[in-house]
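Here the structure comes first, spelled out in structure tokens, and everything after it is commentary.
The values are calculated or read from the model by the stated rules, or taken from the named source; none is laboratory data. This is a predicted model, so every value here is computed, not measured. Here Cβ is always computed from backbone atoms with ideal geometry, including for glycine, and neighbour counts include all displayed protein chains. Side chains are part of the model used for accessible areas, which takes the heavy atoms of the whole protein and leaves out ligands, DNA and RNA. Shrake-Rupley method; radii C 1.70, N 1.55, O 1.52, S 1.80 Å.
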Amino acid sequence: ARTKVGLEKGVASFLKGQSRIVELGCGTGNSLLLLNKLFPKAELIGADWAIASQQIVNSIAQQTGAKMKGVNLNMLTLQGFEDLQICKDCAVLSVHALEQLGEMYKDLTDALINSAPDLCVHIEPVIENYDENIGFDKLAKDYHQKRNYLAGWLTYLEEKESAGDITIIENTRLGFGGVYHEAYSLVIWSKN
């Protein structure tokens, strides 16, 4: 059974105490820089397919002394996944990264489940969270589909939960977005 823990504690409260955090699709490392300020003792891994991303993350680490490094990862082919060294004692984070996978999220999701991280925290646009009876949501869903963002991912996680593989701890629309859609849903799960 899902328990609603609420957002008053903030996303950081879920990551508190994690000794290792892996961010998928880290881009320029903005989230890693923030995580380093919140959790200066944590080892931070920034994964992205772009070589420039790893260079930026490594440069940030060198200039700030932060315990972070960039790792190459192609989320579609999983090339580089083993280099992330995801294990029971770490957390995984994604912020607007999985959205780019469209309907091709199953291999990555299964790899995460099999790696059994302590926690997975995702801030992504989730099409299943829109209500078509609300005008904005109908338009947002159309935009979501036109952009080929995640399609069926939450349903897939719910199937994994029903099979007893994972527990979905949180699924919440954060209630803000842009002109075209509400891009922020928080989904947190852990391996059973």
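Could you give the radius of gyration (one decimal) and Dmax (whole number) of the Cα atoms in the range 65-135, in Å?
When restricted to Cα atoms, the range 65-135 yields Rg and Dmax of 14.4, 50 Å.
By the gyration tensor of its Cα atoms, with a ≥ b ≥ c the square roots of the eigenvalues, what is the shape of the range 4-106: rounded for a/c under 1.5, prolate for a/b over b/c, or oblate?
In terms of gyration-tensor shape, oblate.
Tabulate in residue order the Karplus-calculated ³J(HN,Hα) for the range 39-55, using 6.51 cos²θ - 1.76 cosθ + 1.60 with θ = phi - 60°, rounded to whole Hz; enter x for Gly and Pro.
Couplings: 10, x, 8, 6, 7, 10, 10, x, 9, 7, 7, 7, 4, 4, 4, 4, 5 Hz.
In the range 51-192, if the dipole is taken from +1 on Lys/Arg beta carbons and -1 on Asp/Glu beta carbons about the Cα centre, which of GLY152, GLY102, VAL57 is farthest to the positive end?
Checked the options; the winner is VAL57.
Not counting the cut sites, what is the longest span of the chain without trypsin sites (Lys or Arg not before Pro) that DSSP labels loop and that have at most 16 other Cβ atoms within 10 Å?
Answer - 89-146.
From the Cα gyration tensor of the range 145-192, with a ≥ b ≥ c the square roots of its eigenvalues, which class applies: rounded if a/c is under 1.5, or else prolate if a/b is larger than b/c, or else oblate?
oblate
With springs only between Cα atoms under 10 Å apart, run a GNM on the chain and tell me which of VAL92, VAL179, VAL126 wobbles the most.
Of VAL92, VAL179, VAL126, the most mobile in the Gaussian network model is VAL179.
Of the candidates LEU119, LEU98, LEU76, which one comes out as most mobile in a Gaussian network treatment of the chain with C-alpha springs shorter than 10 Å?
For the chain, modelled as a Gaussian network with Cα springs under 10 Å, the answer is LEU76.
Dividing the alpha-carbon Rg of the chain by 2.2 N^0.38 Å yields what?
1.00
What residue among ALA151, ALA47, ALA91 shows peak mean-square fluctuation when the chain is described by a Gaussian network model with Cα springs under 10 Å?
ALA151
Where nothing but the Cβ of Lys and Arg (+1) and of Asp and Glu (-1) is charged, how large is the charge dipole of the chain around its Cα centre, in debye to the nearest 20?
660 debye
Rounded to the nearest 5, what is the percent of antiparallel bridges among the DSSP beta bridges in the chain? Could you put the intermediate results ahead of the total?
Working: 12 of 31 bridges.
Antiparallel bridges: around 40 percent, rounded to the nearest 5.
Across bins of 5 angstrom width beginning at 0, how are the C-alpha pair distances of the range 109-164 distributed, in whole percent?
4, 16, 22, 22, 15, 11, 7, 2
Just the number please: accessible area per residue for the chain, 1.4 Å probe, all protein chains included, in Å². Could the numbers behind the result be given before it?
Values: 9600 Å² over 192 residues.
That works out to 50 Å² per residue.
Checking the cross-link filter: which lysines have an alpha carbon closer than 16 Å to that of LYS106, excluding same-chain neighbours under 8 positions apart?
Straight-line reach from LYS106, under 16 Å: LYS160, LYS191.
Heavy atoms of the protein only, probe of 1.4 Å, neighbouring chains included. What is the accessible area of GLU103 in Å², nearest 10?
140 Å²
Using bins 10 angstrom wide from zero, how does P(r) for the range 83-176 break down, in % of all Cα pairs?
15, 47, 30, 8, 1
Could you tally the net charge around LEU174, taking each other residue with its Cβ under 12 Å from the Cβ of LEU174, Lys/Arg +1 and Asp/Glu -1? Walk me through the intermediate numbers first.
Numbers: positive: ARG173; negative: GLU124, GLU170, GLU182.
After counting each charged neighbour, the total is -2.
Say each of THR77 and SER13 gets a label point 7 Å from the Cα, pointing the same way as Cα to Cβ; how far apart are those two points in nm?
4.2 nm
Could you list which residues have their amide H under 5 Å from that of GLY70, counting only those 5 or more apart in sequence or on another chain, with H placed in the peptide plane?
Those lying under 5 Å, H to H, from GLY70 are GLY46, ASN58.
Calculate the spin-label point distance for ALA52 paired with CYS87, positioning each point 7 Å from the Cα along the beta-carbon direction, and give it in nanometres.
Inter-label distance under the simple model: 3.5 nm.
List the residues, sorted by chain then number, that are 5 or more residues from GLU170 or on another chain and whose placed amide H is less than 5 Å from its amide H.
For GLU170, whose amide H was placed from the backbone, the distant partners under 5 Å are ILE188.
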